[in-house]
């Protein structure tokens, strides 16, 4: 069945569901307003209005429903009704920046009116989203989005040293009114105060690359937009992490051909005050998975430009993060990249852009690839040149057999076991020690031990229920697992000792440590090779 036909069936099933306490309204709240925006894009505002009004009957203060109604009535040219819902949303606490950000093409008939401009004078802001920080040991990248194209300047001052460092840039409409400001020549492991576009913050550069150190990172996926769970970002921020890794399903878009829906999904997360405070002070690194790149369990295929939506989706992703680089750039798009903290190297993998399925044009693919040729060459080159004590392979989907049972397991590395075995065999053949696996996708947090015919066992730490309501069961093959509430993965590295260690903790949205697992470096090569 063609993918377009499958998408129609999925959407039809989605909107046939009631919004009662045990249905979509609870399990998949993130989908309700998102799919209403998709209907508006498709020229069906009346259906979006009915969906939102029905939801408000049971949830009369839902701010996203007010937002959708404002967009829908704008599309119909009913500006007075649209303004009514703008005011209801603002009075309820929705940041006015949501309406400034857009999607601008959908809201343009509203935002050009005198009444809206009057509201903008009272509530509007120049800086809509960000700052979002990404750092190395000697540099920082600061991402922002503004209401219109303007020149912005980042001012940095170290608490421990005199002088101010600056970087300026212009937000551009071609990049959705965003820019990334970069400053180099910073001191490692140093606290910096900064100011950008009227907003102040502080961050710490990463520990010196290549040197032993102690640090902590967080990681996870499964961050569907769920208002009552957005407090997760406060919990993670309270841990004062060295960095945080988003491993996919970061905002749940599921609309590769509708740019307005993609932007809407980013905007609603980026406008949350909890998220803004978190990313303004914690260095952030991100890759995508299926729900941010395409649709559930979807794939891109080996061609760069086919399907035609791949490049636009990649550019939208690139415009919403501050990674050091994105695959091979315009000539070889993707979201893979690497970075280092102290003497730990991180390899962030793209499991979707070049992913193949079992059949291509009706012909069976004997050894389907998840990574694609270019990314796999990059990974092998990076692994062979790495001298790090620990080498962390970050995948959007689980590595371990049994992490996702049944036919659904074909979406994980189990469905690409030949390529997974090729990577594991490469580690053994080149005597690459200290490899650790992390992943996301499954809506729980767990740990796995993967035995190999050659070389030391590989340990995998998986976490992917940052803010999701929906939960996946604990699997019997794991070392342990947790799924009762939202959680994230927490890794503490100490490479200053004779036998360096990494400690994995599962921490809940309520800041409780549910599991702890300490892994010595000696178990990742010295004894096993």
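Worth a mention:
- Within the stretch 198-241, the residues that satisfy the criterion of being on the phi > 0 side of the Ramachandran plot and surrounded by fewer than 22 Cβ atoms within 10 Å (Cβ to Cβ) are 198, 210, 240.
- Residue in the stretch 321-338 that is surrounded by 23 or more Cβ atoms within 10 Å (Cβ to Cβ), farther than 27 Å from residue 414 by Cβ and either free of Cβ contacts under 8 Å to residues at least 24 places away in the same chain or not assigned by TED's automatic domain parsing to the domain that holds residue 369 (or both) present: yes
- Within the stretch 143-166, the residues that satisfy the criterion of being touching a residue at least 24 places away in the same chain (Cβ under 8 Å) and outside any loop (DSSP other than H, G, I, E, B) are 143, 144, 145, 146, 152, 153, 154, 155, 156, 157, 158.
- Flag for residue 258 being touching a strand residue (DSSP E or B) at 6+ places or on another chain (Cβ under 9 Å), buried (at least 17 other Cβ atoms within 10 Å of the Cβ) and within 26 Å of residue 32 (Cα to Cα): no
- For residue 77: the one exception among (1) buried (at least 17 other Cβ atoms within 10 Å of the Cβ); (2) more than 28 Å from the chain's Cα centre (by Cα); (3) outside any helix (DSSP H, G or I): (1)
Conditions (1) in the same structural domain as residue 369 (by TED's automatic domain parsing); (2) buried (at least 22 other Cβ atoms within 10 Å of the Cβ); (3) in contact with a strand residue (DSSP E or B) (Cβ under 6 Å, 6 or more places away or on another chain), marked per residue:
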site	(1), (2), (3)
303	no, no, no
309	no, no, no
315	no, no, no
319	no, no, yes
343	yes, yes, no
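- Yes/no for residue 287 being surrounded by fewer than 24 Cβ atoms within 10 Å (Cβ to Cβ), modelled with pLDDT of 95 or more and either closer than 30 Å to residue 94 by Cβ or more than 15 Å from the chain's Cα centre (by Cα) (or both): no
- Residues that are crowded, with 23+ Cβ neighbours inside 10 Å and touching a helix residue (DSSP H, G or I) at 6+ places or on another chain (Cβ under 7 Å), drawn from the stretch 483-499: 486, 488
- The condition (being touching a strand residue (DSSP E or B) at 6+ places or on another chain (Cβ under 6 Å) and surrounded by fewer than 18 Cβ atoms within 10 Å (Cβ to Cβ)) is satisfied by just one residue among 123, 129, 155: 155.
- Residue 186 touching a residue at least 40 places away in the same chain (Cβ under 8 Å), part of a loop (DSSP other than H, G, I, E, B), out of contact with any helix residue (DSSP H, G or I) (no Cβ under 6 Å at 6 or more places or on another chain) and surrounded by fewer than 22 Cβ atoms within 10 Å (Cβ to Cβ): yes
- Single residue of 94, 83 found to be surrounded by fewer than 22 Cβ atoms within 10 Å (Cβ to Cβ), at pLDDT 95 or above, on the phi < 0 side of the Ramachandran plot and not in a helix (DSSP H, G or I): 94
- Residues (over 17 Å from residue 221 (Cβ atoms) and outside any helix (DSSP H, G or I)) located in the stretch 269-301: 271, 272, 280, 281, 283, 299, 300, 301
- Number of the condition not met by residue 52 [criteria: (1) on the phi > 0 side of the Ramachandran plot; (2) crowded, with 21+ Cβ neighbours inside 10 Å]: (1)
- Residue in the stretch 451-468 that is nearest to residue 219 (Cα to Cα), counting only those that are modelled with pLDDT of 95 or more and touching a helix residue (DSSP H, G or I) at 6+ places or on another chain (Cβ under 6 Å): 466
The values are calculated or read from the model by the stated rules, or taken from the named source; none is laboratory data. Fair warning: this is a prediction, and the values are worked out from it, not measured in the lab. Positions of Cβ are backbone-derived with ideal geometry, glycine not excepted, and every protein chain shown enters the neighbour counts.
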